[in-house]
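Undergrad: Here it is: the structure, laid out below.
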Amino acid sequence: MTATISPLSPWFAARGASFHEQDGLSQVLRVSDAGQEYQAAKEGLLLADGADRAALHLQGKDVLEFLQRLTSNDTRKLEVSGYQWSAMLDGKGHWIADFLIYRLPDPTEGSVHLLLDMPQAVATDVMQRLEMSHFTEDVQWEPFAGARLLLLGPKASGPTEEDCAMQGDHLWLRRPDRGAICWECLCPPEQAAQLADQLLTAGAVPGGLVALDILRVESWRPRFGTDYDTSGILPAANEWQRVSLHKGCYVGQEVVARINTYGEAPRQLVRLLFDGPPQPLTGAELRLDDRAIGHVSSWVWSPMRDQAIGIGTVRRKGAIEGQELFAQFAEDQGPGVSAVVQLPEKKTDDS
């Protein structure tokens, strides 16, 4: 199967980008030096392609109530020009998609407009689920087909202090999930390329997945399709900020509520701090008392910590703050690399 090409791929290719296929999409891996790209996100302005995420524009007077029964957070709390972490689950609590939901300024009285931001790989499944759940409600949706330009770093700025805004054909989103100050511009491809040219002239640095991955792992941002997927449940990913425990019924609610009340998931996603040389460990086993209890799903070298760090899934007995595990590939005979577990704070949207 041929990988999908992003609308911004030609712009990055013209500047020397190398590409990597991930989730059926040809994505920018790096443009120059990953260290320079990372530094731009920390000290200046990094330009990146946001095409790994898809977007649906929903509108209609019943949009909020329609999503209320389908998503894990309380859509009634969404304020105009704000955003909300959320998710869509199946009846057994398994992931269908993770979401950022933005409530756009309403251009017409009585009609609510939302942007449903999700992993590109699940967009078709989400639209099918919406269609299956839609009856007589006043709700319409259509996918966004333009370009998505990410602006990361202290010099990134949008047109407003609010979290989303329209400016002509440009929709601006403030993103909390990219590991750095981040604004994203959604607009027609030719306009995105023009904006990128202007920012490049002003000193911005184009970059790709290597730098983006370091930023997200440093900030404990697990990635759908890499660190968790449709085979797992939301509590196992420790993505509790996507949940309202008081909103009432939604698909998958019983599983989430039961685990919240009676204990932790049998497996959990944890942060890992490695001790040793910068040896890539993605896919390595995590072992406790010489028994495999999990695996590493993300590994990066963190310039901020001057240390290798990662994200992995472990069984409950290993998901203890400060627990020392050992990471090694199955065929290795050595002692492995020490990996100390850190647990994210459990904080729901109601907290």
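Undergrad: Looking only at the stretch 261-282, which residues are touching a Ser or Thr at 6+ places or on another chain (Cβ under 8 Å) and either in the same structural domain as GLU218 (by TED's automatic domain parsing) or not aromatic (Phe, Trp, Tyr) (or both)?
TA: Hits for the stretch 261-282 are ARG267, GLN268, LEU269, VAL270, ASP275, GLY276, THR282.
Undergrad: Please verify whether the stretch 302-312 includes one or more residues that are part of a strand (DSSP E or B) and acidic (Asp, Glu).
TA: So the first thing to find is which residues in the stretch 302-312 are part of a strand (DSSP E or B), and the list is 302, 307-312.
Next, only the ones that are acidic (Asp, Glu) stay: none.
No.
Undergrad: Within the stretch 266-294, can you find the residues that are within 18 Å of LEU234 (Cα to Cα) and either of a type in the set (Ser, Thr, Tyr) or in contact with a Leu (Cβ under 9 Å, 6 or more places away or on another chain) (or both)?
TA: Hits for the stretch 266-294 are GLN268, VAL270, ARG271, GLY294.
Undergrad: Something else now. Do we have GLY248 as in the same structural domain as TRP85 (by TED's automatic domain parsing), assigned to a loop (DSSP other than H, G, I, E, B) and surrounded by fewer than 17 Cβ atoms within 10 Å (Cβ to Cβ) here?
TA: Considered against the rule, which asks whether it is in the same structural domain as TRP85 (by TED's automatic domain parsing), assigned to a loop (DSSP other than H, G, I, E, B) and surrounded by fewer than 17 Cβ atoms within 10 Å (Cβ to Cβ), GLY248 comes out as yes.
Undergrad: Now for a separate question. Would you mind stating whether THR282 is surrounded by fewer than 17 Cβ atoms within 10 Å (Cβ to Cβ), under 21 Å from GLY312 (Cα atoms), of a type in the set (Ser, Thr, Tyr) and more than 17 Å from the chain's Cα centre (by Cα)? Don't jump to the end; show me each part of the working.
TA: Values: surrounded by fewer than 17 Cβ atoms within 10 Å (Cβ to Cβ): yes; under 21 Å from GLY312 (Cα atoms): yes; of a type in the set (Ser, Thr, Tyr): yes; more than 17 Å from the chain's Cα centre (by Cα): yes.
Here the answer is yes, as THR282 does meet what is asked.
Undergrad: Among the residues of the stretch 290-327, write down those that are farther than 17 Å from VAL270 by Cα and out of contact with any helix residue (DSSP H, G or I) (no Cβ under 9 Å at 6 or more places or on another chain).
TA: Across the stretch 290-327, the qualifying residues are ASP290, ARG291, ASP306.
Undergrad: If only one of ILE214, ILE181 is closer than 29 Å to ALA308 by Cα, surrounded by fewer than 22 Cβ atoms within 10 Å (Cβ to Cβ) and in contact with a Pro (Cβ under 9 Å, 6 or more places away or on another chain), which one is it? First the steps, then the outcome.
TA: Details: ILE214 fails: surrounded by fewer than 22 Cβ atoms within 10 Å (Cβ to Cβ).
Criteria check complete, one pass: ILE181.
Undergrad: So which of ALA257, ALA327, ALA292 is under 24 Å from the mean Cα position of the chain (by Cα) and either outside any loop (DSSP other than H, G, I, E, B) or at pLDDT 95 or above (or both)?
TA: The match here is ALA257.
The values are calculated or read from the model by the stated rules, or taken from the named source; none is laboratory data. Model, not experiment: these values are computed from the prediction. Cβ atoms come from the backbone with ideal geometry, glycine included; neighbour counts cover every protein chain shown.
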